[in-house]
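*Asks:* Structure in structure tokens, see below.
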Amino acid sequence: DPLAQMDAQTRKRGTLDAIKRILLRESLNQPLMVIFEDLHWIDEGTQAFLNLLADSIGTAKILLLVNYRPEYSHHWNSKTYYTQLRLDPLGRESAEEMLSSLIGDGKDLIPLKRLIIEKTDGNPFFIEETVLVLFDEGALVRDGTVKLTCSMNRLKIPPTVEAILTSRIDRLPPKEKDLLQTLAVIGREFPVSLIRAVSDADDLEAMLEHLQLAEFIYEQPAVGDTGYIFKHALTQEVTYNSILIDRRKQIHERAGAAIEALFANQLDDHLGELARHYGRSANSSKAVTYLRRAAGQAWQRSAVREAFSYLETARQVAAALPDDAERDRKELAIQRGLMGMSGPLRGYGSKERLDASLRARELCRRLGDETRLAWILGNLGDVYINTQQYKSTRQMIQELTELASRTGDPRALEHMAYANAHLCWRIGNYSESCSSSEEVLAHYVELSGEEVDEVLVNAVWAQALFLCFSLTVLGHIDRAREVGRELSGWSAKWPNHRFLEGGVILASMYPNLLLRDVTKAEAAAKRLKEIDQEVDRTTFEWACECHGWAIAAHGRLSEGVAEINSVDQSGLGLEPDTFHCFVMADSYLRGELASEALRWAQRGLATADKVGERQMEAELWRLSGEASLLQDEGNSSEAERSFRSAIEAARRQSARLFELRATTSLAHLLDKQGKRAEARAMLARIYDWFTEGFDTADLKDAKALLDELNA
């Protein structure tokens, strides 16, 4: 089944696109009005659909109407076909018109109308509830016409709509108040079958009718049943808050049990409700079970934030379970889920991922569970790498090595190789990064058919990111391209797998950026932004860096720099990594802003010295030299020192591409100084090392300069 083989994110995108196309197709038959209310309570999936629809209806015969409170935000403001209307309180004339429809036009009611408008500030819901409370109190009566039964100075209108609702709820007969509170626990909407299963009221239909006449709830159609909905979300909220906590927990548990009984064969359709009810009950065991199941379902639907929220609640609830091995096993499963989700959602170096990894390691050790320990240690090492704690990373690699030696578990070797490939890539040991990446692939082949999803991600990322990047820097350009093609071939085995799709794009994006192929790098970055905008924060930020660099290369410097700078690492308390400093310095240099280019190059070199991250050290020295020349052409001695430092750094790393680039810059400078023979000799030596990649900009530039020096 092609749908079953799809990665969840790809399936979600396809589903949302299908719904969008249904609406667009129907709009060809007749104009459509599509209404979404209360976006401030929107779920992740609906928001994704709305974003897609809003981008697609500019020329369609569709009117999309939405409403929301001011705290909700969206990105549609820039659309020329978007109009925003602020819904202000009613003006005096409109408020009087509304009150006339509610209580009539009697002259003796004019002072009352003025008082209500003054107290409510023209809020229509407040006006309506004020009128209802006056009827409840007997201050207003309807006998053909509405009449005021007491003097104005005896009227006591509560100062807020919440106070009015509380007053009205308290005046209900005890049984009706209990029923209304039960309904508030069940939810905003509720079918009669569920009410009957939760409530022990004898005259249920009569009480529901009374609550409807009092305008607390409204009847609405439901599939195969009668349903009700609270008149307003605030009505439900105030009613819910009026219940004592212990009784609230009891009703939540009854509601959960009723849903289990009513929908025993369809529990997957009600996991969110079960998680909510048991999560607010005293039944911690069932709460953890359903919160985890709901999180898994949300994850499968690519609702990452929703899934993370369920697991966070499950983690808190699990603390109330008896302190035994069973509790530890349940919490370990929760922490592992948080580890997996917090990376793409909050960042691979986020505090949430670190805390979950450390707690999971502790639980594994308490349980003696070495089977899962390899994955946890691998994740912990990845957190340390992404937070520039390279000493701690080496300790994790050592711990994985010892675990593999002790247990013979190939997964431990796979995670150890991946961590080492990542670490070496960051510190500029490109040759070892390549070797370890190949080890990851070898262990993946060995583990095929056993937890393939777990090791597949590592195998894809090791090949796409570390191997392709490192091979390009080492000068093995054709081999890097071959690896990219091999990854594309994996698509036939795992069609529509998001991680694989992202890996194939990465295998193109970074090498083309390194080779200064702006068009290809930009196309890859655009595609990566599209697939990871909602799902993976880190790869989305990588794509923004590359895309911003490409925009700057096209001459739109301020726009490009703004996009690069949207990648904010300061939230994690980190120094900007050397690659970030490189793209910033290179962009400013292309825009001929020498001082800014020099500042970012020096900042990157300071990071390299401070934390030992030497990934782009050679390039930062080269850019420092180029910026010095641009700033002061006569200051050639400083530029020469920078170029020679770049060459030395590149040679230490066997980074032939960076060495060629720095040597070309130095050769240009030496030629201007009249040292043509030295320039020719050093450039020829590094150029002659290359046996591939002669179609790239760097080798073409070096060849052109060599021809000029030989002329």
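The values are calculated or read from the model by the stated rules, or taken from the named source; none is laboratory data. Everything quoted here is computed from the prediction, not taken from an experiment. Virtual Cβ from ideal backbone geometry, glycine too; neighbours counted across all protein chains shown. Surface areas here come from the heavy atoms of the whole protein model, side chains and all, with no ligands, DNA or RNA. Shrake-Rupley method; radii C 1.70, N 1.55, O 1.52, S 1.80 Å.
*Asks:* Cα-Cα over 23 Å: which of 672/703; 351/391; 177/231; 20/231; 529/700?
*Replies:* Violating the 23 Å limit, Cα to Cα: 20/231; 529/700.
*Asks:* Still on this structure: If I fit a long axis through the Cα atoms of helix 325-346 and take the longest principal axis of the Cα atoms of the chain, what angle between them do I get, 0 to 90°, rounded to 10?
*Replies:* Once rounded, the angle reads 70 degrees.
*Asks:* In Å, what Kirkwood hydrodynamic radius results for the stretch 1-143 from the alpha-carbon pair distances?
*Replies:* 19.1 Å
*Asks:* Shifting gears a bit: On average, how much accessible surface per residue is there in the stretch 572-711, in Å², for a 1.4 Å probe, leaving out ligands, DNA and RNA?
*Replies:* 42 Å²
*Asks:* I would also like to ask the following. Return the sequence-ordered ³J(HN,Hα) values of the stretch 655-661 in whole Hz as given by the Karplus equation 6.51 cos²θ - 1.76 cosθ + 1.60 applied to θ = phi - 60°, using x for Gly and Pro.
*Replies:* With the stated coefficients, the stretch 655-661 comes to 7, 5, 5, 5, 5, 4, 5 Hz.
*Asks:* If you fit an axis through the alpha-carbon atoms of helix 284-300 and take the longest principal axis of the Cα set of the chain, what angle between them do you get, 0 to 90°, nearest 10?
*Replies:* Once rounded, the angle reads 60 degrees.
*Asks:* For the stretch 210-263 and the stretch 310-363, what is the separation of their Cα centres, given in Å?
*Replies:* 32 Å
*Asks:* Quick one: which of 457-464, 145-152, 502-509, 695-702 comes out on top by average Cβ neighbours within 10 Å, and what's the full order, highest first?
*Replies:* My ranking of the peptides, most packed first, is 502-509, 457-464, 695-702, 145-152.
*Asks:* To continue, here is another question. Per DSSP H run of n ≥ 4, the term is -39500 (n - 2.57); total these for the chain, divide by its residue number, and report the mean residue ellipticity at 222 nm rounded to 500 deg cm²/dmol.
*Replies:* -22000 deg cm²/dmol
*Asks:* Any idea what the relative contact order of the chain is, in percent, if you count C-alpha pairs under 8 Å spaced at least 6 apart?
*Replies:* Relative contact order here is 7 percent.
*Asks:* Based on the mean of other beta carbon atoms within 10 Å per residue, what is the order of 598-611, 85-98, most packed first?
*Replies:* Sorting 598-611, 85-98 by mean packing, highest first, produces 598-611, 85-98.
*Asks:* Ok, one more. What are the aspartates and glutamates whose alpha-carbon lies under 18 Å from the alpha-carbon of residue 113, with same-chain residues fewer than 8 places away excluded?
*Replies:* Here the aspartates and glutamates satisfying the reach criterion relative to residue 113 are 93, 96, 97, 105, 121, 128, 129, 136, 137.
*Asks:* Now for a different question. So, R0 is 41 Å and r is the distance between the beta-carbons of residue 316 and residue 65; what FRET efficiency does that work out to, to 0.05?
*Replies:* 0.60
*Asks:* Accessible area per residue of the stretch 308-378 at 1.4 Å probe, in Å²?
*Replies:* Spelled out: the 1.4 Å probe surface of the stretch 308-378, per residue, equals 41 Å².
*Asks:* Taking Cα centroids, how far is the stretch 83-132 from the stretch 625-694 in Å?
*Replies:* 79 Å
*Asks:* Order 210, 547 by their accessible area, 1.4 angstrom probe, all chains in place, largest first.
*Replies:* So the residues, ranked largest to smallest area, are 210, 547.
*Asks:* Of all the accessible heavy-atom surface of the stretch 262-393, with the other protein chains kept in place and a 1.4 Å probe, what percent is carbon and sulfur?
*Replies:* 44 percent
*Asks:* Another question about this same structure. What percent does the relative contact order of the stretch 265-379 come to when contacts are Cα pairs within less than 8 Å and at least six residues apart?
*Replies:* 17 percent
*Asks:* Taking R0 as 35 Å, what's the FRET efficiency between residue 566 and residue 651 from their Cβ-Cβ distance, rounded to 0.05?
*Replies:* 0.50
*Asks:* Cβ under 12 Å from residue 604's Cβ, residue 604 left aside: what net charge do those residues give with Lys, Arg +1 and Asp, Glu -1?
*Replies:* My count for the surroundings of residue 604 gives -2.
*Asks:* Something else now. Quick one: compute the contact order of the stretch 228-282, relative version, from alpha carbon pairs under 8 angstrom and 6+ residues apart, as a percent.
*Replies:* 42 percent
*Asks:* Starting from 0.36 nm per residue, how many nanometres of slack lie between residue 633 and residue 21 once their C-alpha separation is accounted for?
*Replies:* Result: 214.5 nm gained on full extension.
*Asks:* Using only Cα atoms, tell me the angle between helix 390-407 and the longest principal axis of the chain; keep it within 0 to 90° and round to the nearest 10.
*Replies:* 90 degrees
*Asks:* Go through 126-136, 19-29 and give me the packing order, highest mean Cβ count within 10 Å leading.
*Replies:* Highest to lowest by the protection proxy: 126-136, 19-29.
*Asks:* Show me, for the stretch 48-56, the HN-Hα J-couplings you get by feeding each phi into the Karplus relation (A = 6.51, B = -1.76, C = 1.60, θ = phi - 60°), rounded to Hz, glycine and proline as x.
*Replies:* 4, 5, 4, 4, 5, 5, 4, 6, 10
*Asks:* Next up: Calculate, for the stretch 73-127, the solvent-accessible area per residue in square angstrom, rolling a 1.4 angstrom probe over the heavy atoms of the protein chains.
*Replies:* Dividing the accessible area of the stretch 73-127 by its residue count gives 69 Å².
*Asks:* Also, quick follow-up: Quick one: length gained pulling residue 222 to residue 171 fully straight, 0.36 nm per residue minus the C-alpha distance?
*Replies:* 15.4 nm
*Asks:* Ok, one more. Can you tally the net charge around residue 360? Count Lys and Arg as +1, Asp and Glu as -1, for every other residue whose Cβ sits under 9 Å from the Cβ of residue 360.
*Replies:* +2
*Asks:* Restricting to bridges with both residues inside the chain, how much of the DSSP beta-bridge set is antiparallel, in percent to the nearest 5?
*Replies:* Among the beta bridges of the chain, antiparallel pairing accounts for roughly 70 percent.
*Asks:* Let me ask something additional. How many percent of the accessible area of the stretch 15-65 is carbon or sulfur, using a 1.4 Å probe?
*Replies:* 58 percent
*Asks:* First select every other residue whose beta carbon is under 10 angstrom from the beta carbon of residue 263; then total the charges, Lys and Arg +1, Asp and Glu -1.
*Replies:* -4
*Asks:* Starting from the Cα-Cα distance between residue 149 and residue 105, subtract it from 0.36 nm times their residue separation and give me the gain in nm to one decimal.
*Replies:* My answer for the length gained is 14.2 nm.
*Asks:* I would also like to ask the following. 7 Å from Cα along Cα→Cβ at both residue 392 and residue 137: what's the point-to-point distance in nm?
*Replies:* Between residue 392 and residue 137, the label points sit 6.1 nm apart.
*Asks:* Let me ask another. Keeping the other protein chains in place, figure out the carbon and sulfur percent of the accessible area of the stretch 96-158, with a 1.4 Å probe.
*Replies:* 47 percent
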